[in-house]
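The values are calculated or read from the model by the stated rules, or taken from the named source; none is laboratory data. All figures in this text were calculated on a predicted structure; none of them were measured in a lab. With ideal geometry, Cβ positions are generated from the backbone for all residues, glycine too; neighbour counts draw on all protein chains shown.
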């Protein structure tokens, strides 16, 4: 059992893990990839580096720094987090328990550039099956996605309806799905009036009542939403100690909004670590 | 005339200057020394460095980074800042004008470890001649210090009394002083009842009514105080955009309190830069 599971191996997560480890806490970092910095090849505004360097280099430096301090880092994709007495973190490979969780996965909630998508968010397009699925009981529900995250969300939606579509939007399905119609055509548009009414592909028009987005892997916002954390404008709401409204669930970095800069993520992580340390000690005393 | 004068060449100041320069603003950084990091020889919790490194190395890296971006950095000691239409920044070598000032000098207000010192802060011991000098009109005033900063403060105190003592507390006087009694004995204690009454040295007891502290060089808090900025518990009070109550006067890093960590100072600097940029553009439009 860990004191803290940090979800995310970028600046916010690793900065926090470094502080947490120095507080002698049991920390596990779970990361699925190198995040947004992996695509940035020229960083010159993060203090302390005389010459510009690629984002990937900074992430690698951070991981080396963490490993040198003995921090456990695993490359596993988090699929779900449950809050019972403890937090149960389920990945594609294992299940872990922790007293607290720090979400530091960056801002990766997919925003599809398809006509109509943005218009129907909250009007039939949802990011959270467990939050909104019951609204569409016995109706026609579409889910967007292609992998394990989609399959997890689909299982939840089965509780509400059997009239299910999976839209992979041109991608290869990477999981085996039964009991749902699979549409692999690229999506051309989402249409409706007040609410969404249909998905239009190259070859067809599919009348639906709701669309759930479960593309790629779940974002921090998805985990937070499902646990009942407050979300504002797609960002996780935290207090000045970086804790959400769920006791023990913290968030830092891009997923809480503010300046999308390494400097800010690193500071978030450090300050969150202090608050986590305090929280854990207040619980164990 | 500069858009921003940054006072301080540490993490907060340089991080801010880097962002400001990239916003194409005219920036000048004034620094007197390498700050608190110069005395730290093993930093391993600032994100992005695989191996621990000396604080001085990080400061040097930051200065190289800033210079590579073409930022003007001068090693001059700031003696005074005045807010008129523009800010006038007086150093030991020059006088500069700027639309805005960012104080990022770290937390260097001297806290003397002499019996009685802490007890009489606010009870006769003051850090600001221009704020409190008039309270002791025609009374006996002592000033603690040995250099140019002390001489500047002494000039202000002459407006209120001619009964002046300079206590160097064992240090060499580095400026020429007239019209004040110079005491170079080390101070043993500060004594009094409700208010301070006397300074006791190895050789003597000096009855006084007030003590003004002007040791070393002025801290950001001293500048801010003199301009009428709000100070709370020795820290400069700023809003969420890092601006003080004086329009155009910003502060970041250790001098505003919070976590005394590089990570936090660097983030402060970055966020303050965004706010400075916005402030400058709102004024010039």
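General remarks:
- Any chance residue B:247 is closer than 19 Å to residue B:9 by Cα and more than 14 Å from chain A (Cβ to nearest Cβ): no
- Index of the failed condition, residue B:280 passing every other in (1) in a helix (DSSP H, G or I); (2) within 14 Å of chain A (Cβ to nearest Cβ); (3) over 17 Å from the mean Cα position of the chain (by Cα): (2)
- Listed by position, the strands (runs of 3 or more DSSP E) inside the range B:42-108 whose residues that are away from chain A (no Cβ under 14 Å) and under 16 Å from residue B:218 (Cβ atoms) number at least 3 are B:78-83, B:87-91, B:95-103.
- Single condition residue A:124 does not satisfy, out of (1) assigned by TED's automatic domain parsing to the domain that holds residue A:177; (2) under 14 Å from the mean Cα position of the chain (by Cα): (2)
- Of the candidates A:157, A:164, the single residue that is at pLDDT 90 or above, closer than 23 Å to residue A:230 by Cα and surrounded by 19 or more Cβ atoms within 10 Å (Cβ to Cβ) is A:157.
- Residue within the range A:103-121 that is at pLDDT below 95, in contact with a helix residue (DSSP H, G or I) (Cβ under 8 Å, 6 or more places away or on another chain), crowded, with 20+ Cβ neighbours inside 10 Å and over 30 Å from residue A:14 (Cα atoms) present: no
- Residue list for the range B:178-225, restricted to those being touching a strand residue (DSSP E or B) at 6+ places or on another chain (Cβ under 6 Å), more than 30 Å from residue B:252 (Cα to Cα) and not in a strand (DSSP E or B): B:180, B:185, B:208
- Yes/no for residue B:256 being away from chain A (no Cβ under 12 Å) and in contact with a strand residue (DSSP E or B) (Cβ under 8 Å, 6 or more places away or on another chain): yes
- Residue check, residue A:88 touching a residue at least 12 places away in the same chain (Cβ under 8 Å), surrounded by 13 or more Cβ atoms within 10 Å (Cβ to Cβ) and touching a strand residue (DSSP E or B) at 6+ places or on another chain (Cβ under 9 Å): no
- Output for the range B:1-23, where each listed residue is out of contact with any helix residue (DSSP H, G or I) (no Cβ under 9 Å at 6 or more places or on another chain) and over 21 Å from residue B:218 (Cα atoms): B:1, B:2
- Residues within the range B:7-25 that are part of a helix (DSSP H, G or I) and either buried (at least 24 other Cβ atoms within 10 Å of the Cβ) or at the interface with chain A (Cβ under 7 Å from one of its Cβ atoms) (or both), tallied: 11
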